[in-house]
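Structure, as structure tokens:
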Amino acid sequence: MPLVKNTETKLSEEEYLKGELSSEIRHEYIDGYVFAMSGGSKNHNLISKSISRGFDNSLIKKKSSCRTFSENMKVKGSEETIKYFYPDVLVTCDPDDNESEYYIDSPVIIVEVLSQSTRKYDLTTKKLYYFNIPTFREYVVIEQNFCQIEVFRKSDDWRSSVYFLGDEIKFESIDVTLSVEDIYYQVTNDDMANFLTEQK
């Protein structure tokens, strides 16, 4: 979702977190500045819900200790400066990741649904930030206007693998396998329409 710089005045981490509790609009926090996030499209929402549900169903069935969170949960990290992002979907497998009710600091996998306005941001700034989280193992970026999913894995030196309709994806960090078709279930785009026609 596109970001709009909300203020020219830097905020402390405490001011940001307090403000998010009462704000009707979500903001990401980078280098002391807050950036407002606009709403996503129908396809964006359907994809996020589909993959979150797929993760949840598999993890619960296996009685895994890993927990899935969707786009209202922040992920925190600290390098030279503190940053907070709102991924579309994230999973943590750390039972001790409960310092705060409002953010996660030990994700193993993060999913971002791409849009034209956020593509560069998600594939550069966010990607590099996520790669530096010690617990992080997989970064999943999903197209919404056509059916393509790219997965970056730490086990493969962060090289990416690309998946299309008809493929299955093994998310190694949480031992969950989902089909591309299931992830794009109910999504409206040309790729999905052609695929469903061919299946009839």
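At-a-glance table
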{"quantity": "Total residues in region 68-91, condition more than 12 Å from the chain's Cα centre (by Cα) and buried (at least 18 other Cβ atoms within 10 Å of the Cβ)", "calculated": "4"}
{"quantity": "Hey, I109 farther than 16 Å from N43 by Cβ and either out of contact with any strand residue (DSSP E or B) (no Cβ under 6 Å at 6 or more places or on another chain) or among the aliphatic types (A, V, I, L, M) (or both) or not", "calculated": "yes"}
{"quantity": "Any strands (runs of 3 or more DSSP E) falling wholly within region 98-200 and containing at least 1 residues that are within 14 Å of the chain's Cα centre (by Cα)", "calculated": "107-113, 138-142, 149-153, 168-171"}
{"quantity": "Residue that is surrounded by the fewest Cβ atoms within 10 Å (Cβ to Cβ) [pool: residues in region 1-28 that are modelled with pLDDT of 85 or more and within 16 Å of the chain's Cα centre (by Cα)]", "calculated": "R26"}
{"quantity": "Test set (1) closer than 23 Å to V111 by Cβ; (2) among the small types (G, A, S); (3) modelled with pLDDT under 90 - S58 fails condition number", "calculated": "(3)"}
{"quantity": "Test: residue in region 53-60 that is under 26 Å from V34 (Cβ atoms) and outside any loop (DSSP other than H, G, I, E, B)", "calculated": "no"}
{"quantity": "Condition check for S48: at pLDDT 90 or above, part of a helix (DSSP H, G or I), buried (at least 20 other Cβ atoms within 10 Å of the Cβ) and among the polar types (S, T, N, Q)", "calculated": "yes"}
{"quantity": "Matching residues in region 61-84 - criterion: being touching a Phe, Trp or Tyr at 6+ places or on another chain (Cβ under 9 Å) and assigned to a loop (DSSP other than H, G, I, E, B)", "calculated": "C66, E71, N72, M73, E79"}
{"quantity": "Which listed residue, of E168, E101, E172, E143, is surrounded by 18 or more Cβ atoms within 10 Å (Cβ to Cβ) and not hydroxyl-bearing (S, T, Y)", "calculated": "E143"}
{"quantity": "Every residue from region 9-45 that is among the polar types (S, T, N, Q), under 27 Å from V151 (Cα atoms) and assigned to a helix (DSSP H, G or I)", "calculated": "N43, N45"}
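The values are calculated or read from the model by the stated rules, or taken from the named source; none is laboratory data. From a predicted model like this one, the values you see are computed outputs, not experimental measurements. Counting neighbours? That spans all protein chains shown, and the Cβs are built from the backbone with ideal geometry, glycine included.
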